[in-house]
Amino acid sequence: MPTYDIAISFAGEDRHVAERIADLLVLRGFNVFYDEYEKADLWGKDLYVHLQKIYRSEAKFCLMLISENYAKKQWTNHERRAAQARAIAESSEYILPLRLDDTSIEGVLDTVGYVDYRKSSPEQIGELIARKVHQYNEAHGIAYAIVRAHHKYAKQKKDPVGGRAI
(Lines give C-alpha, C1' and ligand atoms only; values in the text may rest on other atoms or scores of the structure.)
Protein backbone atom coordinates (compact mmCIF):
# COMPACT_ATOMS: atom_id res chain seq x y z
CA MET A 1 0.00 0.00 0.00
CA PRO A 2 1.35 3.48 -0.87
CA THR A 3 2.85 5.55 1.94
CA TYR A 4 1.48 8.86 0.65
CA ASP A 5 -1.92 9.92 -0.63
CA ILE A 6 -0.15 12.35 -2.96
CA ALA A 7 3.39 13.30 -3.95
CA ILE A 8 3.91 16.83 -5.21
CA SER A 9 6.40 17.34 -8.05
CA PHE A 10 7.33 20.97 -8.66
CA ALA A 11 10.13 23.36 -9.57
CA GLY A 12 11.64 25.34 -6.71
CA GLU A 13 10.40 28.60 -8.25
CA ASP A 14 6.84 27.27 -7.83
CA ARG A 15 7.28 26.28 -4.17
CA HIS A 16 4.69 28.81 -2.97
CA VAL A 17 1.97 26.93 -4.89
CA ALA A 18 3.18 23.49 -3.78
CA GLU A 19 3.39 24.58 -0.15
CA ARG A 20 -0.10 26.10 -0.13
CA ILE A 21 -1.65 22.93 -1.56
CA ALA A 22 0.42 20.64 0.68
CA ASP A 23 -0.64 22.59 3.78
CA LEU A 24 -4.32 22.46 2.78
CA LEU A 25 -4.16 18.72 2.21
CA VAL A 26 -2.35 18.02 5.48
CA LEU A 27 -4.95 20.05 7.36
CA ARG A 28 -7.58 17.83 5.74
CA GLY A 29 -5.80 14.75 7.08
CA PHE A 30 -3.99 13.54 3.96
CA ASN A 31 -0.49 12.08 3.88
CA VAL A 32 1.51 14.32 1.52
CA PHE A 33 5.01 13.96 0.15
CA TYR A 34 6.32 17.53 0.06
CA ASP A 35 10.07 17.89 0.41
CA GLU A 36 9.91 20.42 3.24
CA TYR A 37 7.95 17.92 5.35
CA GLU A 38 10.59 15.25 4.74
CA LYS A 39 13.85 17.10 5.45
CA ALA A 40 15.04 14.69 8.18
CA ASP A 41 14.17 11.63 6.09
CA LEU A 42 15.85 13.02 2.96
CA TRP A 43 19.00 14.06 4.80
CA GLY A 44 21.92 11.86 3.72
CA LYS A 45 19.93 9.75 1.24
CA ASP A 46 20.82 9.25 -2.40
CA LEU A 47 18.04 11.51 -3.66
CA TYR A 48 18.24 10.22 -7.21
CA VAL A 49 17.28 6.73 -6.03
CA HIS A 50 14.96 7.78 -3.20
CA LEU A 51 12.89 10.27 -5.22
CA GLN A 52 12.52 7.78 -8.04
CA LYS A 53 11.01 5.34 -5.52
CA ILE A 54 8.69 8.00 -4.09
CA TYR A 55 7.34 9.13 -7.47
CA ARG A 56 7.17 5.63 -8.92
CA SER A 57 5.64 3.59 -6.12
CA GLU A 58 5.09 5.40 -2.81
CA ALA A 59 2.06 7.59 -3.62
CA LYS A 60 -1.50 7.09 -4.76
CA PHE A 61 -1.15 10.10 -7.07
CA CYS A 62 1.50 12.51 -8.30
CA LEU A 63 0.45 16.16 -8.45
CA MET A 64 2.64 17.67 -11.17
CA LEU A 65 2.88 21.47 -11.10
CA ILE A 66 3.48 22.15 -14.78
CA SER A 67 5.26 25.39 -15.60
CA GLU A 68 8.10 26.84 -17.64
CA ASN A 69 10.27 26.35 -14.56
CA TYR A 70 9.25 22.69 -14.31
CA ALA A 71 10.22 22.02 -17.93
CA LYS A 72 13.77 23.35 -17.40
CA LYS A 73 14.82 21.44 -14.28
CA GLN A 74 16.77 18.17 -14.17
CA TRP A 75 15.20 17.03 -10.90
CA THR A 76 11.64 17.62 -12.03
CA ASN A 77 12.36 15.72 -15.24
CA HIS A 78 13.66 12.83 -13.13
CA GLU A 79 10.50 12.90 -11.00
CA ARG A 80 8.33 13.15 -14.12
CA ARG A 81 9.96 10.12 -15.75
CA ALA A 82 9.46 8.04 -12.59
CA ALA A 83 5.80 9.11 -12.38
CA GLN A 84 5.26 8.38 -16.08
CA ALA A 85 6.75 4.90 -15.68
CA ARG A 86 4.17 4.22 -12.97
CA ALA A 87 1.30 5.65 -15.04
CA ILE A 88 2.29 3.52 -18.03
CA ALA A 89 2.83 0.34 -16.00
CA GLU A 90 -0.56 0.65 -14.33
CA SER A 91 -2.34 2.28 -17.27
CA SER A 92 -3.86 4.64 -14.73
CA GLU A 93 -4.54 8.29 -14.08
CA TYR A 94 -1.67 8.53 -11.62
CA ILE A 95 -0.34 11.92 -12.77
CA LEU A 96 -2.59 14.85 -11.93
CA PRO A 97 -1.35 17.80 -14.01
CA LEU A 98 -1.82 21.24 -12.48
CA ARG A 99 -1.01 23.89 -15.07
CA LEU A 100 0.58 27.06 -13.76
CA ASP A 101 1.12 28.31 -17.32
CA ASP A 102 0.83 26.98 -20.89
CA THR A 103 4.20 25.20 -21.07
CA SER A 104 4.24 21.79 -22.75
CA ILE A 105 5.92 18.98 -20.83
CA GLU A 106 7.45 16.02 -22.61
CA GLY A 107 5.22 12.98 -22.22
CA VAL A 108 2.24 14.88 -20.79
CA LEU A 109 -0.06 14.98 -23.76
CA ASP A 110 -2.46 17.85 -24.42
CA THR A 111 -5.28 15.29 -24.32
CA VAL A 112 -4.69 14.54 -20.62
CA GLY A 113 -7.23 16.24 -18.36
CA TYR A 114 -5.68 18.92 -16.17
CA VAL A 115 -6.63 21.66 -13.74
CA ASP A 116 -5.56 25.23 -14.47
CA TYR A 117 -4.19 26.93 -11.36
CA ARG A 118 -4.96 30.32 -12.89
CA LYS A 119 -8.68 29.44 -12.90
CA SER A 120 -8.95 27.49 -9.63
CA SER A 121 -8.34 28.38 -6.02
CA PRO A 122 -6.00 26.26 -3.88
CA GLU A 123 -9.07 25.22 -1.88
CA GLN A 124 -10.83 23.99 -5.03
CA ILE A 125 -7.70 22.07 -6.04
CA GLY A 126 -7.50 20.54 -2.56
CA GLU A 127 -11.13 19.42 -2.83
CA LEU A 128 -10.50 17.82 -6.25
CA ILE A 129 -7.46 15.97 -4.90
CA ALA A 130 -9.50 14.81 -1.91
CA ARG A 131 -12.10 13.35 -4.26
CA LYS A 132 -9.43 11.55 -6.30
CA VAL A 133 -7.87 10.04 -3.16
CA HIS A 134 -11.29 8.95 -1.85
CA GLN A 135 -12.07 7.32 -5.23
CA TYR A 136 -8.71 5.52 -5.13
CA ASN A 137 -9.34 4.31 -1.58
CA GLU A 138 -12.79 3.07 -2.46
CA ALA A 139 -11.57 1.26 -5.59
CA HIS A 140 -8.75 -0.40 -3.62
CA GLY A 141 -10.76 -1.32 -0.52
CA ILE A 142 -8.89 1.12 1.71
CA ALA A 143 -11.02 2.32 4.59
CA TYR A 144 -9.83 4.73 7.22
CA ALA A 145 -11.18 7.78 8.94
CA ILE A 146 -9.50 11.05 8.18
CA VAL A 147 -8.98 13.24 11.20
CA ARG A 148 -8.95 16.84 10.10
CA ALA A 149 -6.25 18.70 11.98
CA HIS A 150 -8.18 21.95 12.14
CA HIS A 151 -11.15 20.14 13.78
CA LYS A 152 -8.84 18.54 16.33
CA TYR A 153 -7.26 21.90 17.17
CA ALA A 154 -10.67 23.62 17.33
CA LYS A 155 -11.86 21.09 19.94
CA GLN A 156 -8.74 21.87 21.95
CA LYS A 157 -9.26 25.62 21.36
CA LYS A 158 -5.84 25.94 19.74
CA ASP A 159 -4.57 27.62 16.60
CA PRO A 160 -3.61 24.90 14.04
CA VAL A 161 -0.57 26.96 13.04
CA GLY A 162 1.73 27.06 16.05
CA GLY A 163 -0.62 25.31 18.48
CA ARG A 164 -1.19 28.43 20.58
CA ALA A 165 -4.38 28.74 22.64
CA ILE A 166 -7.08 30.86 21.00
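The values are calculated or read from the model by the stated rules, or taken from the named source; none is laboratory data. Keep in mind that this is a model prediction, so the values were computed, not measured. Heads up, the Cβs are rebuilt from the backbone with ideal geometry, glycines too, and the neighbour counts pull from every protein chain shown. In case anyone asks, the SASA skips ligands and DNA or RNA and just uses the protein heavy atoms, side chains included. Shrake-Rupley method; radii C 1.70, N 1.55, O 1.52, S 1.80 Å.
Sorting 3, 111 by accessible area (1.4 Å probe), largest first, what list results?
111, 3
Which value in deg cm²/dmol, rounded to the nearest 500, describes the helix-derived mean residue ellipticity at 222 nm for the chain, given -39,500 (n - 2.57) per DSSP H run of n ≥ 4 and division by the residue count?
Value at 222 nm, helices only, nearest 500: -13500 deg cm²/dmol.
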Subject >> Anisotropy class of the stretch 47-130 from Cα gyration tensor, a/c 1.5 cut >> reply: prolate
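Could you work out the relative contact order of the stretch 1-150, using alpha carbon pairs under 8 angstrom and six or more residues apart, expressed as a whole percent?
So the answer I get is 29 percent.
As a quick test, which of the pairs 39/60; 72/132; 39/132; 73/119 have an alpha carbon distance above 23 angstrom in this structure?
72/132; 39/132; 73/119
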**OP:** Quick one: what are the phi-derived ³J(HN,Hα) couplings along the stretch 78-83, Karplus 6.51/-1.76/1.60 with θ = phi - 60°, whole Hz, x for glycine and proline?
**Re:** 5, 4, 4, 4, 5, 5
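To the nearest 0.05, how large is the calculated FRET efficiency for residue 104 and residue 143 if R₀ is 41 Å and r is the Cβ-Cβ distance?
Working from the Cβ atoms, E equals 0.55.
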Subject >> Accessible-area composition of the chain, carbon plus sulfur, in percent [1.4 Å probe] >> reply: 52
**OP:** Can you tell me the 0 to 90 degree angle between the C-alpha axis of helix 15-27 and the longest principal axis of the chain, rounded to 10?
**Re:** 50
Original post:
Of 75, 2, 62, which is farthest on the positive side of the dipole of the chain, counting Cα position, with +1 on Lys and Arg Cβ, -1 on Asp and Glu Cβ, and the Cα centre as origin?
Top reply: 2
**OP:** Would you mind checking which residues have amide H under 5 Å from residue 66's amide H? H placed 1.01 Å from N; only 5 or more apart, or other chain.
**Re:** 98, 99, 100
Original post:
Considering only protein heavy atoms, what per residue accessible area in square angstrom results for the chain with a 1.4 angstrom probe?
Top reply: 58
**OP:** Express the C-alpha Rg of the chain as a ratio against the empirical globular expectation 2.2 N^0.38 Å, rounded to two decimals.
**Re:** 1.05
**OP:** State, as an integer percentage, the relative contact order of the stretch 60-136 based on alpha-carbon contacts under 8 Å between residues 6 or more apart.
**Re:** 34
